[in-house]
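See below for the structure under consideration.
The values are calculated or read from the model by the stated rules, or taken from the named source; none is laboratory data. Model, not experiment: these values are computed from the prediction. Neighbour counts run over all protein chains shown; Cβ positions are idealised from the backbone, glycine included. Calculation scope for accessible area: heavy atoms of the full protein, side chains included, ligands and nucleic acids excluded. Shrake-Rupley method; radii C 1.70, N 1.55, O 1.52, S 1.80 Å.
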Amino acid sequence: MVVAVSLIPIPFRIVALVQERNNLFEYPKERLAAIIQEVGFRCTSCAKCCTRAFNGHVFLLDRDVTEVKKIDPSALEPAPGPEFCDQDGTFYVSGYALRAKDDPVGSCWFLEGGRCRVYDRRFSICRIYPYMLHREPDENGNVDWRQISGLDKHGEYNQNIPKEECVSLARETREYENAFLAQEISFLEFMHDYFEQHRLRHVQKVYDTRMRRFKKGGPITVMVYYDGQLEEHQCIKYRNFAGR
Ligand code: SF4
């Protein structure tokens, strides 16, 4: 039986993430650099990866959210799949995502004529994509390391990438994954204390009921974790915002 992540006690989830972080540090970055070199991926500016149709959502680290707030705060929306919903029907999510435009493919808010209009200031995940370094299950449920996203679905391959560039990409990718895990751990620690202090608890039934209503157009309140605190948002249905 698969247990919904939200139902696993927070301390267990924190321990699992800390273990994941240890795994990350044990993974030799030379191995990732070698994979990057072997794959030889080059972006062809097809802009597919900047759409929800291809990539779901773009999750932002806190440092990226700070940047987006300076550039255009309306480009932010609560990340989809809130982790918790309390007994009063308020949702909680670990961070922000980039807003998508309401076009057929859900283009990133910053995608203009097939080009990123903030390219020089693009965000952490945009800098390392399509590289990643985390463990996740494949379609058969086998958990293993994943290093490249969307392999053979975009860009060109077998290109000659200089070794220094591969090493630098491997370092940046590991740094991103570490920052991501640190943000998730910090969110869970915060939520553990917040729920205790306010006598709140996650109620899956309320989560499911509210989410069903939301998908039909009803408003919900989402508290987004950013910079060590929660920011409140009133949300109505938008593209691809979904429960887990
Ligand atoms: S910020 Fe730029 S690079 Fe990142 S997803 Fe949006 S358009 Fe693409």
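Between rounded, prolate and oblate, where does the range 131-196 land on the alpha carbon gyration tensor, with a ≥ b ≥ c its root eigenvalues, rounded for a/c under 1.5, else prolate if a/b exceeds b/c? Because a/c hits 1.5 or more and a/b fails to exceed b/c, the range 131-196 counts as oblate. Compared with the dominant principal axis of the Cα atoms in the chain, helix 10-26 is inclined by about 10°. Between the range 30-78 and the range 194-236, how far is it from one alpha carbon centroid to the other, in angstrom? About 26 Å separates the Cα centre of the range 30-78 from the one of the range 194-236. Could you tell me which of rounded, prolate or oblate describes the range 73-187, using a ≥ b ≥ c as the square roots of the eigenvalues of the alpha-carbon gyration tensor, with rounded for a/c under 1.5 and, failing that, prolate when a/b is larger than b/c and oblate otherwise? Here the range 73-187 falls in the oblate category.
Using C-alpha pairs below 8 Å separated by at least 6 residues, the relative contact order for the chain is 31 percent. For the chain, the longest principal axis of the alpha carbon atoms and the long axis of helix 204-215 meet at an angle near 70°.
If one computes the Cα centroid of the range 167-190 and of the range 83-157, what distance in Å separates the two points? Taking the Cα centre of each part, the range 167-190 and the range 83-157 sit 14 Å apart.
Calculated mean residue ellipticity, 222 nm, the chain: -12500 deg cm²/dmol, from DSSP H runs (n ≥ 4) at -39500 (n - 2.57) each, averaged per residue and rounded to 500. Taking other residues whose beta carbon is less than 12 angstrom from the beta carbon of residue 180, and scoring Lys, Arg as +1 and Asp, Glu as -1, yields -3.
For the range 144-244, place one equal point scatterer on every Cα, skip the solvent, and apply the Debye formula. What is log10 of I(q)/I(0) at q = 0.10 Å⁻¹? So the normalised log intensities work out to -0.52. Here, P(r) means the percent of Cα pairs in each 5 Å bin from 0 to the largest distance; for the range 17-85 it is 3, 11, 11, 13, 21, 20, 15, 5, 0. Collect residues whose amide H, placed 1.01 Å from N in the peptide plane, falls under 5 Å from the amide H of residue 83; neighbours closer than 5 in sequence don't count. Sorted by chain and number, the residues that satisfy this are 92, 93, 94. When all alpha carbon pairs of the chain are counted in 10 Å bins from zero, the resulting P(r) reads 7, 28, 36, 23, 6, 0 %. The accessible surface of the chain, taken with every protein chain in place and a 1.4 Å probe, is 50 percent carbon and sulfur. Count the net charge of all other residues whose Cβ sits under 13 Å from the Cβ of residue 137, scoring Lys and Arg as +1 and Asp and Glu as -1. Here the count lands on -2.
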